[in-house]
Ligand code: DCP
Ligand code: MG
Ligand code: MN
């Protein structure tokens, strides 16, 4: 069985480390299929109790195909991967990769900056016309790039929980994302804000009108980066710091009506690949799973949905698994 700690003492650590560099490269260049293949292979390797040395051994593991098996053998034999030398390719690629780390900048924005002649974060900071959010992304680049220790994730959650419960004691604040999966550190802080008997609009207005301004006022929140519209406003993205620290952290708040807690728990726990496989499974069974619920009797014409189906479950996380016929998986095991 997979244990989160197995990554600390794993006979395949060196191989994983190098494959991870390839994965990072493909993540930066938004190469979706390779990201999936590398993630799968890395997770499969983590579960191996012995060191995988040959191509044949690698191929016998489910989740590892021929191309990755070749790479694994090469890494073990040479202690490196030639392909990585090319990924560190042209200077332009490197700059694009650096620009992709700016909050909110995708491949098209990063390439545009390079085409416009900007060569470094300093160029962007000093010469480029930036939107308000891009400026925050550039100024806080190194803050947002740092992993957040589990203890600090808890501290952010606690500050939000205290502020929320001063307004309404029945509102629940739950730390989601990689934290809920047991990660030792996280890329951002994901908080689900919900209340068993409340509607989305009740939670949203309480948060946006009262709690968020209060958290700005007391110095915890540093910037707002994105909010969804008033109609289906279910999220708030921004940055926060805990007292005594000057590192800005990315904070995501997800507002969830009581009736949708189960579906939101699944969605916001992830990881994204696990979510994708659950959704695919639902589709295969003529159902539809999204962050609001599990629907049945969904009629499709190819990709297009002809109706939205009938809601079967949304409040209870375990019942969604059961209805889909998937054995319960605790959050720590939802790593694909
Ligand atoms: N999510 C998803 N699909 C996406 C983005 C997110 O299903 N494209 C879901 C699954 C994620 C959760 O939302 O686990 C939170 O998203 P994050 O981007 O914060 O990812 P994690 O919390 O899993 O990892 P990290 O530690 O990098 O924040
Ligand atoms: Mg996260
Ligand atoms: Mn997030």
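Coordinate-derived values only; no laboratory data. Keep in mind that what you see is a predicted model, and the values were worked out from it rather than measured. Note that each Cβ is placed from the backbone with ideal geometry, even for glycine, and that neighbours are counted across all protein chains shown.
Please build a GNM for the chain, connecting alpha carbons under 10 Å apart, and tell me which residue among 178, 245, 111 fluctuates the most.
245
Let a ≥ b ≥ c be the square roots of the eigenvalues of the Cα gyration tensor of the range 65-160; is it rounded (a/c under 1.5), or, if not, prolate (a/b larger than b/c) or oblate?
Values: a/c = 3.03, a/b = 1.28, b/c = 2.37.
Note, shape of the range 65-160 comes out oblate.
If neighbour count is taken as other Cβ atoms inside 10 Å, put 305, 292, 195 in order from fewest to most. Could the numbers behind the result be given before it?
Working: 305 14, 292 17, 195 20.
Final ranking by Cβ density, sparse to dense: 305, 292, 195.
Calculate the spin-label point distance for residue 216 paired with residue 333, positioning each point 7 Å from the Cα along the beta-carbon direction, and give it in nanometres.
For residue 333 paired with residue 216, the spin-label model returns 4.5 nm.
Can you tell me the order of 207-218, 13-24 when each peptide is scored by its average per-residue count of other Cβ atoms within 10 angstrom, highest first? If you can, show how the numbers build up before the last one.
Values: 207-218: 16.4, 13-24: 17.9.
In decreasing order of mean packing, 207-218, 13-24 become 13-24, 207-218.
According to the Cα gyration tensor, what semi-axes, each the square root of 5 times an eigenvalue, does the equivalent ellipsoid of the range 169-270 have, listed from largest to smallest in whole Å?
On the way: eigenvalues 89, 65, 26 Å².
Square roots of five times the eigenvalues give 21, 18, 11 Å.
Counting other C-beta atoms within 10 Å, which of 59, 280, 45, 251 has the fewest, and how do the rest follow?
Details: 59 17, 280 10, 45 24, 251 28.
Listed from fewest to most nearby Cβ atoms, that is 280, 59, 45, 251.
Counting only helical runs of four or more DSSP H residues, what would the 222 nm mean residue ellipticity of the chain come to if each run contributes -39,500 (n - 2.57) and the total is spread over all its residues?
On the way: 17 runs with 158 residues, N = 336.
It lands at -13500 deg cm²/dmol.
Suppose we take every Cα in the chain and form the convex hull; what volume per residue is that in Å³? Could the numbers behind the result be given before it?
On the way: hull volume 56.8 nm³, N = 336.
Each residue corresponds to 169 Å³ of Cα convex hull volume.
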